[in-house]
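First the structure, in the form of structure tokens, and then the observations on it.
The values are calculated or read from the model by the stated rules, or taken from the named source; none is laboratory data. This one's a predicted model, so the numbers in the text were calculated from it and none came from an experiment. We place every Cβ from the backbone using ideal geometry, glycine too, and count neighbours over all the protein chains shown. Side chains included, ligands, DNA and RNA excluded: accessible areas come from the protein's heavy atoms. Shrake-Rupley method; radii C 1.70, N 1.55, O 1.52, S 1.80 Å.
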Amino acid sequence: MTEKQRIQIMDTTLRDGEQTQGVSYSPAEKVNIAKALLKLLRVDRIEVASASVSEGEKQAVRNINDWARLNGFDGCVEVLGFVDHTRSVDWIVDAGGKVLNLLTKGSEKHCREQLRKTLDEHVAGILETVAYAKDKQLSVNVYLEDWSNGYQDSREYVYELVERLSDCGIGHFMLPDTLGVMSPDQVYDSLHDMCSRFPQLTFNFHPHNDYGLATANAMAAVRAGVTAIHCTINCLGERAGNASLAEVTVVLRDKMNIELGIDESHLVRISNMVEQFSGKRYAANAPIVGADVFTQTAGIHADGDSKGGLYESKLRPERFSRTRSYALGKMSGKASLQKNLEQMGLNLSAENQKKVLSRIVELGDSKQTITSDDLPFIIADVLESESYQHIRLLNCTITSGYELESTVSLRVEIKGNEHVASGCGNGGFDAFIDAIEKVLKQYDYTLPELTDYEVRIPKGGHTDAFTECVISWDCQGRTRKTRGVHSNQVFASVLATIRVINIELEERIEQHIPLAGVISKTG
């Protein structure tokens, strides 16, 4: 393509995406997602519900429409309705809607076997519903449900249905690959035929991802001449889901020079919002929005990036308000370590870097997860430095019983001084916190507030596997994560707590903040 073609993006996360197994948005969640899609991401249209579902659903649609009308998005909110004359139309009008997406049968088999109607009877019902919608000042689009199979099985049925609806004021003829059965070649051939046969009509393509071809099929549809593609955030939808909005929009821009209204800097933010509200986790390696897709693991890649961005492409993380990171593990090289040291503002000699890298590879080979937060401890351990050993846990006994209060006895060393303390609490970790805070109080130090606590074992692990505890702390408004690994879950959390104390004490020393009992790195 030599000239930029403008393609609309219609997002159906709130309608078709909600057909994902186990997904049900509250009215407030629907409103927030709708606002983000239109105002931040700048999608052209959103489909937010099916008519007549529930009163709660109607109130959510009403709230979305009220907001859209006041914020310049009137007419961008669409609702799926059915060939039921007045029922769907009245529901949409009562919810303040302006656009009906009418579900019709794009397959002769569906018409005959599911509706038990002839084409004539079905068309009569469609025209009756469309006329009523027009009387109520609604714009009308039509879905041709199961169009992909209908086109393959009985093209004459599809042609006649479209022909008989072509003069009744339909805005968009929306052609779904309802079961995700088409290949890119089939999509191109069939849609090119439809666009050529009915050049006066506006066609959309609604792909599903059952064969993992939704994005490729969207590209084929654009080449064939459609004017809009339907997507969902995070590929939500029945079975294997719909086309991913992030994948489709970036591919259309980068590979086909398509003009879009999407603000891709908000893709990750909205993906995270939908992940939280839907309860459906998105794969870490999912293109564009996955947690790991801008992380280089192999040392040779980090080296190439350092020497001239040799392993970078148009998919730069900055486009999506993200940053590139370099993983630490058995595949790491000198460049991977150096990149992490630079981000943390640390400097090591070449010899010490070699020692630290050897330790990282050793830990990675034992399948331990290594993060940049672990790096200071690895450095301290390898170099036998006291920098991050201000407090050492010498021993700790934890006693817990069913419906009994837990107790802890511990002995720690802080700057050469041994302290013994005991504590009790609602569980072993709570009892440990009670005991350690008694010691830390003598040093005018208070633990930061715990904001999140995660415990996991490796996939496929056994009951005797190491437990990894990751704790998030609120350190004066900055979130810091520390990790502990132990075969006992409670001791893993204890080690993670010791780590955050060491980091905090080190920072106070570096910043010359007085701390009772701590005068300098050697005092």
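Brief remarks on what is shown
- Residue match in the stretch 263-283 (condition: part of a loop (DSSP other than H, G, I, E, B) and at pLDDT 95 or above): yes
- Of the helices (runs of 4 or more DSSP H) contained entirely in the stretch 79-162, those carrying at least 1 residues that are over 38 Å from the mean Cα position of the chain (by Cα) fall at 108-113, 119-135.
- Flag if residue 463 is assigned to a loop (DSSP other than H, G, I, E, B), among the polar types (S, T, N, Q), surrounded by fewer than 17 Cβ atoms within 10 Å (Cβ to Cβ) and modelled with pLDDT under 70: yes
- Boolean, residue 222 is more than 30 Å from residue 35 (Cβ to Cβ), part of a helix (DSSP H, G or I) and either among the β-branched types (Val, Ile, Thr) or open to solvent by 40 Å² or more (accessible area, probe 1.4 Å) (or both): no
- Residue match in the stretch 173-180 (condition: farther than 14 Å from residue 204 by Cα, assigned to a loop (DSSP other than H, G, I, E, B) and in contact with a Phe, Trp or Tyr (Cβ under 7 Å, 6 or more places away or on another chain)): yes
- Residues considered: 413, 362, 386. Of these, the only one that is surrounded by fewer than 16 Cβ atoms within 10 Å (Cβ to Cβ), under 19 Å from residue 506 (Cβ atoms) and modelled with pLDDT under 75 is 386.
- Of all residues in the stretch 302-333, those satisfying the criterion of being buried (at least 16 other Cβ atoms within 10 Å of the Cβ), outside any loop (DSSP other than H, G, I, E, B) and modelled with pLDDT of 65 or more are 317, 320, 325, 328.
- Extreme residue, most open to solvent (accessible area, probe 1.4 Å), among residues of the stretch 186-218 that are outside any loop (DSSP other than H, G, I, E, B) and among the aliphatic types (A, V, I, L, M): 216
- From the options 102, 144, residue that is in contact with a Leu (Cβ under 6 Å, 6 or more places away or on another chain) and buried (at least 22 other Cβ atoms within 10 Å of the Cβ): 144
Per-residue answers, yes or no, for (1) buried (at least 22 other Cβ atoms within 10 Å of the Cβ); (2) in contact (Cβ under 8 Å) with a residue 60 or more places away in the chain:
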{"residue": "236", "(1), (2)": "yes, yes"}
{"residue": "257", "(1), (2)": "no, yes"}
{"residue": "268", "(1), (2)": "no, no"}
{"residue": "272", "(1), (2)": "no, no"}
{"residue": "279", "(1), (2)": "no, yes"}
{"residue": "286", "(1), (2)": "no, no"}
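- Test set (1) within 18 Å of the chain's Cα centre (by Cα); (2) closer than 14 Å to residue 8 by Cα; (3) surrounded by fewer than 24 Cβ atoms within 10 Å (Cβ to Cβ) - residue 248 fails condition number: (3)
- Flag if residue 16 is surrounded by 22 or more Cβ atoms within 10 Å (Cβ to Cβ), acidic (Asp, Glu) and within 22 Å of the chain's Cα centre (by Cα): yes
- For residue 97, the conditions (1) buried (at least 22 other Cβ atoms within 10 Å of the Cβ); (2) under 30 Å from residue 217 (Cα atoms) all hold with the exception of (2).
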